[in-house]
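The structure appears below as structure tokens.
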Amino acid sequence: MSEDLYQEIILDHYKNPRGKELSVASRGQSHQVNPTCGDEVTVDVGLNTDGTLQVAYTGQGCSISQASASVMSELINGKTPDQAAPIQTAFMELMRSKGQIEPDEDLLEDAVAFIGVSKFPARIKCALISWMALADSQIKAQLTTEMR
Ligand code: ZN
């Protein structure tokens, strides 16, 4: 995919957020801030009766932080904790890659769009705060497999 397409994906999630302010039967909540940019994200995690995760979030801040929260919500909602863990690990690796790895599109779907962000150290935290809030809320809800 091209840089232009990545930009489009990020802008689309920013303008049309997925999973924002859905109410979930929350079992764990985490509020994360990125003071250098002014981003804030709160993630709620609950469990569906079939054992899959319910994820909802609220937040405000830059387009990268809010688009990343939308992508995270869309990707993780309806996955079991075991299915979510490799996605979460792959996103962390992507953001540490400085754009040097070939992301797994089958696993990361729209989240591959953030590979460009990984080249800009000042923006990495923007893309990561919703994923950090997710991991923290999963720990609080005891809905996590061991994080690598
Ligand atoms: Zn930001």
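Quick notes on this structure:
- Efficiency of FRET from Cβ geometry, Gln60 and Ala25, R₀ 30 Å, rounded to 0.05: 0.80
- Angle in degrees between helix 81-95 and the longest Cα principal axis of the chain, rounded to the nearest 10: 20
- At 1.002 mPa s and 20 °C, Stokes diffusion of the chain via Kirkwood alpha-carbon radius, µm² per second: 144
- Placing a label point 7 Å from the Cα of Val33 along the Cα-to-Cβ direction, the residues of the stretch 65-94 with a backbone N closer than 18 Å are 65-66.
- Sites excluded, GluC sites (Glu not before Pro) in DSSP loops with at most 12 other C-beta within 10 Å, longest stretch of the chain: 22-145
- Degrees between helix 63-76 axis and first principal axis of the chain (Cα, 0 to 90, nearest 10): 50
- In this simple spin-label model, placing a label point 7 Å from the Cα along the Cα-to-Cβ direction at both Thr49 and Asp4 gives a separation of 4.8 nm.
- Alpha-carbon centroids, the stretch 92-148 and the stretch 1-60: separation in whole Å: 12
- In the chain, the longest principal axis of the Cα atoms and the axis of helix 3-15 are about 40 degrees apart.
- Helix-only CD estimate at 222 nm, as mean residue ellipticity for the chain, using -39500 (n - 2.57) per DSSP H run (n ≥ 4): -14500 deg cm²/dmol
- Other residues within the sphere of radius under 14 Å centred on the Cβ of Glu109, judged by their own Cβ, net out at -4 (K and R +1, D and E -1).
- Overall dimensions of the stretch 18-65, expressed as equivalent-ellipsoid semi-axes from the Cα gyration tensor (√(5λ), whole Å, largest first), are 24, 10, 7.
- Rounded, prolate or oblate (a/c below 1.5 giving rounded, otherwise prolate when a/b exceeds b/c) for the stretch 1-86 by Cα gyration tensor: oblate
- The number of Lys pairs in the stretch 3-143 with C-alpha atoms less than 28 Å apart, excluding pairs fewer than 8 positions apart on the same chain, is 14.
No value in this document is a laboratory result; all are computed from the given coordinates. The structure presented is a predicted model; accordingly, all values stated were derived computationally and were not measured. Heads up, the Cβs are rebuilt from the backbone with ideal geometry, glycines too, and the neighbour counts pull from every protein chain shown.
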